Amino acid sequence: MSIIQFNQVSYAVYEQPLFESVNLTIEATDRIGIVGQNGVGKSTFLKLIAGEEIPDSGERYKAHDATIHLHKQTVNFDTHETVREFLEACFADISEIQAKMTALETKMSQLNADLEELLEQYGQLQEKFYELGGYTCESRLQEVANGLGLGQYLDYPLATLSGGQRSKVALAKCLLEQADILLLDEPTNHLDRDTIEWLIQFIHQYKGAILIVSHDRYLLDQVATRIFEIDDQHIYQYPGNYTQFKQLKEERLLAAYRDFKNQQDKIDRLKSQIKQYRQWGNEGHNPKHFKKAKSLEKILAKIEPVSDPTNHRQMNITVEDAGKKGPKRLVEFRGVSKSFNAEILSNVNWLVRRGEHIGIVGRNGVGKSTLLKLVAGTTKPDSGQIVRPDQLAIGTMSQHPFSNLSGERRVIDVFRQPFSLTQEQARHALAQFLFFGKDVFKSLGELSGGERMRLKWAQLIQGQYDLLLLDEPTNHLDIDSKELIEEVLADYTGSMIIVSHDRYFTDTCCDKLYELTNGQLNLIDKSVK
């Protein structure tokens, strides 16, 4: 059954078109993944579906009784409630019915009560209470909270939680709403692998429609039955999951390029013929040739140009050969232990060799970022020894690049700081990472999360390092950018240690995978999925 329909929907922001003449239908049990480069309007598309934005033209139809809930990437809480109180607001209708049932129970206990009438009212309320899940709301709240790793925080005030924890709370509330249509904007942000697996199972069991904007290819492969790709003001629709979408998209682009090439050949032939007829007309003073040329020009003018499907800006990264020189043993842990509030490492022995691509996985909070700081030498162990060669060049990427710098610093100045580059050399290098023209003079404060990641990648690629330490390096990057960086790192001859929850990324880029758990680094057999 159709619950959302777009008919010729168009929408622009500041007169810049985002969508042109979009037609689509969303069915009651759809699982739709929404993909596209950063900035194409994926979040805006969800707002159009939710009714938070109004189309400039065309019509949006929604089934009369259909309920919609939108989970946004950024959440602002203006409340002093606890996590439990915030989530229990999902059950306001149930609480109201329960209060009425309690009041009726009190009335029925009175001697002069009209039991027949009161029992009828009570039965109606009880039936509604059951339909809304009143008898299971507490267990559902506990299940979702535990699944998202919030069980221990239920009685914490929201104001005391981190940004990542608040994002999980907002997601939990969205999942508990039981809306007919769930709209999830990057729901796996701040989720570790185990939590993502739980979310996948929740989505499989959900009774309504779910639309997911995500750069997590593993998630889209596991849950999507359709893919909407937003590209060049259009929404292309594909059956199947992400892997199937990639194949179908390639077929579409090949067909589109053939159409483009055929049209260009036709245009070139017409231009050549027009030129030839004009030349003959000039040489022979024959008006028939000029007339034929004008006739062909009219045909040329009526051709609606087909765009080149390959004409998309993307990063152009080249990396110099690395890792063939220098020491074979880069970093060695000898009985290393480290604790903060809990033990992170316990008597760990570990060796990182030249040329290795190592992935580190584990639940949120186990100390993966601290492990990278120990490798880099910016944090000291409580006991044990960490051995590194003298003058080992280490390049690092944190989850929040440049957070220690003033937001007023310019892109080009930040990029040049570690290197001896002229402004022209810097602009050329930055252009490879899509910083063109005036973009290089933007301040850090003007950059999105994805732009900051691209700037940090530009710095890392420009430098010559013996070892790269990358903490969630694909955060905020769109799928095209991720896949391009994967290609580069897969062929990279240098050494790197990557902390990432992105399964596709670690599978492609890492030849060794360790799980950090219970204070130990355990080697994972990559052949076991």
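Beta-bridge orientation, the chain: approximately 50 percent antiparallel, per DSSP, counting only bridges with both partners inside. Cα centroid separation, the range 219-284 to the range 33-69: 26 Å.
Around Leu211, with a cut-off of 9 angstrom between Cβ atoms, what is the net charge of the other residues, counting Lys and Arg +1 and Asp and Glu -1?
For residues surrounding Leu211, the net value is 0.
The alpha carbon gyration tensor of the range 191-231 gives principal lengths a ≥ b ≥ c with a/c of 1.5 or higher and a/b no greater than b/c, which makes the shape oblate. Amide H contacts of Ser495: Gly355, Leu468, each under 5 Å away and 5 or more positions distant or on a separate chain (H built 1.01 Å from N in the peptide plane; Pro and chain starts excluded). Think of the range 250-391 as a dipole: +1 on every Lys or Arg Cβ, -1 on every Asp or Glu Cβ, centred on the Cα centre; then among Asn347, Gly377, Leu296, Leu296 lies furthest on the positive end. Using the Karplus relation 6.51 cos²θ - 1.76 cosθ + 1.60 with θ = phi - 60°, the per-residue 3J(HN,Hα) values for the range 89-96 come to 4, 4, 9, 4, 5, 5, 4, 5 Hz, with x marking Gly and Pro. Among the chymotrypsin sites (Phe, Trp or Tyr not before Pro) found in the range 112-161, those both in a DSSP coil and sparsely packed, with 15 or fewer other Cβ atoms within 10 Å of their Cβ, are Tyr135.
Of the GluC sites (Glu not before Pro) in the range 1-93, which ones lie in a loop per DSSP and count no more than 12 other C-beta atoms within 10 Å?
Of the GluC sites (Glu not before Pro), the ones in loops of the range 1-93 whose Cβ has at most 12 other Cβ atoms within 10 Å are Glu15.
Counting beta carbons within 10 Å around each of Ile227, Ile34, Ile200 and listing the fewest first gives the order Ile200, Ile227, Ile34. One chain, two ends: Leu421 and Glu120. Fully extended at 0.36 nm per residue, the span grows by 100.1 nm beyond their Cα-Cα distance.
By the helix-only formula, in which each DSSP H run with n ≥ 4 contributes -39500 (n - 2.57) and the sum is divided by residues, the chain has a 222 nm mean residue ellipticity of -12500 deg cm²/dmol. Amide H to amide H distances under 5 Å link Val361 with Tyr514, Glu515, Leu516, where only residues 5 or more positions off or on other chains count and H is placed in the peptide plane.
In summary, the lysines within cross-link reach of Lys275, defined as a Cα separation below 28 angstrom excluding same-chain residues under 8 places away, comprise Lys261, Lys266, Lys288, Lys291, Lys292, Lys294, Lys298, Lys302. Here the Karplus curve 6.51 cos²θ - 1.76 cosθ + 1.60, taken at θ = phi - 60°, turns the phi angles of the range 180-191 into couplings of 5, 10, 9, 10, 10, 9, 6, x, 8, 4, 6, 9 Hz, with x standing for Gly and Pro. Only the Cβ atoms of Lys and Arg (+1) and of Asp and Glu (-1) were treated as charged; on that basis the dipole of the range 329-524 about its Cα centre amounts to roughly 560 debye.
With the charge dipole of the chain set up from +1 on Lys and Arg Cβ and -1 on Asp and Glu Cβ about the Cα centre, the Cα lying farthest toward the positive end among the listed residues Ser272, Ser95, Ile32 is that of Ser272. Here the simple spin-label model places points 7 Å from the Cα toward Cβ, and for Thr67 and Asp525 these points are separated by 4.7 nm. Working from Cα pairs under 8 Å separated by at least six residues, relative contact order for the range 1-151 is 19 percent. For the chain, averaging the sequence separation of C-alpha pairs within contact (under 8 Å, six or more residues apart) and dividing by the residue count gives a relative contact order of 15 percent.
Under the convention that each Lys and Arg Cβ holds +1 and each Asp and Glu Cβ holds -1, the size of the dipole of the range 124-259 around its Cα centre is about 40 debye. Summarising the amide proton neighbourhood of Gly240: residues at separation of 5 or more, or on other chains, whose placed amide H is nearer than 5 Å comprise Arg226, Ile227.
Maximal additional length on extending the Lys294-Glu131 stretch stands at 51.3 nm, based on 0.36 nm per residue less the C-alpha distance.
From least to most packed, judged by other beta carbons within 10 angstrom and beginning with the fewest, Val387, Val414 follow the order Val387, Val414. Counted residue by residue at 0.36 nm each, then reduced by the alpha carbon distance between them, the extension gain from Thr29 to Ala159 reaches 43.2 nm.
Phi angles of the range 150-159 translate, via the Karplus equation with coefficients 6.51, -1.76, 1.60 and θ = phi - 60°, into HN-Hα couplings of 10, x, 6, 9, 4, 9, 7, x, 4, 5 Hz per residue; Gly and Pro are given as x.
Projecting the Cα atoms of Asn404, Leu489, Gly367 onto the charge dipole of the range 361-501 (Cβ charges, centred on the Cα centre) puts Asn404 farthest toward the positive pole.
Determine the alpha carbon to alpha carbon distance for each of Lys42/Lys246; Lys246/Lys512; Lys107/Lys128 and list only those over 22 Å. Listed pairs above 22 Å: Lys246/Lys512.
Since every read-out is calculated from the coordinates, none of them should be taken as a lab result. Remember, predicted model here, so these are calculated numbers, not experimental data. We place every Cβ from the backbone using ideal geometry, glycine too, and count neighbours over all the protein chains shown.
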